[in-house]
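Take this structure, written in structure tokens, and hold onto it; I'll ask about it next.
We did not get these values from a lab; they are worked out from the coordinates using the rules stated. All figures in this text were calculated on a predicted structure; none of them were measured in a lab. Neighbour counts run over all protein chains shown; Cβ positions are idealised from the backbone, glycine included.
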Amino acid sequence: MAFDLTGMMGKVKELQDKMQQAQQEIQHITATGEAGGGLVRATANGHRKILKLEIDESLLTPQDRDMLADLVVAAVNKALDEAAELARQELQRKTSGLMPNVPGLDLSGFGA
């Protein structure tokens, strides 16, 4: 059985095209994380950037300042984790069948 370099290069090009398309679409994925029973909400995109932060007015008192900071951190981390997972799923969906299943293959550099 001969090695098909042309076929392999075609697959690589197809994979590159799909990865580029997925990267463009990932920016439109959004996820929201909540903390404090919804008092703080953070929304992130698939590129792990915070797009929106909502803080309930009841937390804007001086005595609640420390709690507010903790809730913001918790909400932001939840939103980033969810956005990263959704981006990973999208990337996996776009490249399904184009790459061999290689144990230990890390696609995190591609936004996954």
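Among the listed pairs K11/K94; K49/K94; K18/K52; K18/K78, which are separated by more than 18 Å between their Cα atoms?
K49/K94; K18/K52; K18/K78
Could you give the length gained on full extension between E25 and E85, defined as 0.36 nm per residue of separation minus the Cα-Cα distance, in nm?
Gain in length upon complete extension: 20.2 nm.
What net charge is computed for the residues neighbouring A75, neighbours being all others with C-beta under 13 Å from the C-beta of A75, Lys and Arg scored +1, Asp and Glu -1?
Neighbourhood net charge equals -3.
Ok, one more. Starting from the Cα of I55, step 7 Å along the direction of its Cβ; do the same at D4; then give the gap between the two resulting points in nm.
My value for the distance between the label points is 5.9 nm.
For region 25-40, just list the computed ³J(HN,Hα) in residue order, Karplus coefficients 6.51, -1.76 and 1.60, θ = phi - 60°, integers in Hz, with x standing in for Gly and Pro.
Running phi through 6.51 cos²θ - 1.76 cosθ + 1.60 with θ = phi - 60° gives 6, 4, 5, 8, 6, 10, 9, 10, x, 10, 9, x, x, x, 5, 10 Hz.
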